[in-house]
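A short write-up of the structure that comes next.
The values are calculated or read from the model by the stated rules, or taken from the named source; none is laboratory data. Every value quoted in this text rests on a predicted model; they were computed, and no experiment measured them. Reconstructed Cβ throughout: ideal geometry from the backbone, glycine too, with neighbour counts over all protein chains shown. Surface areas here come from the heavy atoms of the whole protein model, side chains and all, with no ligands, DNA or RNA. Shrake-Rupley method; radii C 1.70, N 1.55, O 1.52, S 1.80 Å.
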Amino acid sequence: MPSLTVRAMAEMLRQPAYAQARILADQKYPKQEPQVFRTPYYQQALTGIRNFYRSGRNSSQISAALSKIEGLGQETRRLNNGRVITSFQKSPLFDRALSLQKVPHWKSSLGTVEFRLSPDLNVTEDDENRLLFLNFRNAKLDPEVAKLTSEISHWVLETNGIKMPIDHIEYVDLFTGEIYSVKKRRAATTKAVIESAKIIEALWPTL
């Protein structure tokens, strides 16, 4: 059964056909994807950020995360995780009074294609629930990918019977400090996902 993340779907919609096949191959064979592009590569940094909010924004958790990151054997992984923590401290996200909740997992299907939604952070802010995605990469986030991610996430939530204002789904670019959200889901995005699902069904067995 074809299965891909909401983030991968958003990136796929922004790519030409040859690149779409590569993204699908990455989803089908995740261990072959360059580690630096995968969220697990930044697990130490993400855990540090989660612990920071879990502790009531105790800065000692940041120091603890940096200490653990310094113990990583692979230099590039050590440098990139350290970079993410430093970028997080400089971002507007760092100063927000967020309360961390358990990270949920949702799925939705079109035909045989499964879309998986799992945000980096599930938080409450001013008694309102928010889902946050984080850009860990050492490159500027494509604003359109950020918007598409929010829109597709909102669609997945809707198909699961969950009502959430779409602007409560945010994509935080830790590279630039920019925070992206949208006010309304475009009909064109939902249509594009439906059409892409047909392409994915056809391509998946050939990968």
Problem set entry | Conditions (1) crowded, with 18+ Cβ neighbours inside 10 Å; (2) touching a residue at least 40 places away in the same chain (Cβ under 8 Å); (3) assigned to a loop (DSSP other than H, G, I, E, B); number of the one not met by Phe133 | (3)
For this session: Would you check if there is a residue in segment 64-81 being touching a helix residue (DSSP H, G or I) at 6+ places or on another chain (Cβ under 6 Å), closer than 21 Å to Leu207 by Cβ and open to solvent by less than 40 Å² (accessible area, probe 1.4 Å)?
Result: no
For this session: Among the candidates Val84, Val123, single out the residue that is open to solvent by less than 10 Å² (accessible area, probe 1.4 Å), touching a residue at least 40 places away in the same chain (Cβ under 8 Å), over 24 Å from Thr189 (Cα atoms) and in contact with a Lys or Arg (Cβ under 8 Å, 6 or more places away or on another chain).
Result: Val123
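Among Tyr18, Tyr41, which is at pLDDT below 95, among the aromatic types (Phe, Trp, Tyr), in a helix (DSSP H, G or I) and under 17 Å from the mean Cα position of the chain (by Cα)?
Tyr41
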Exercise. So which residues in segment 102-130 are among the small types (Gly, Ala, Ser), in a strand (DSSP E or B) and either touching a helix residue (DSSP H, G or I) at 6+ places or on another chain (Cβ under 8 Å) or outside the structural domain of Lys198 (by the TED database) (or both), if there are any at all?
Worked result: Ser108
For this session: Could you list, in sequence order, all residues of segment 137-158 that are over 16 Å from Ala192 (Cα atoms), open to solvent by 10 Å² or more (accessible area, probe 1.4 Å) and touching a residue at least 12 places away in the same chain (Cβ under 8 Å)?
Result: Arg137, Asn138, Ala139, Lys140, Leu141, Asp142, Pro143
For this session: Please specify each residue of segment 140-176 satisfying the condition of being part of a loop (DSSP other than H, G, I, E, B) and among the β-branched types (Val, Ile, Thr).
Result: Ile162, Thr176
Exercise. Could you say which residue among Ser108, Ser153, Ser196, Ser181 is out of contact with any Leu (no Cβ under 8 Å at 6 or more places or on another chain) and on the phi < 0 side of the Ramachandran plot?
Worked result: Ser181
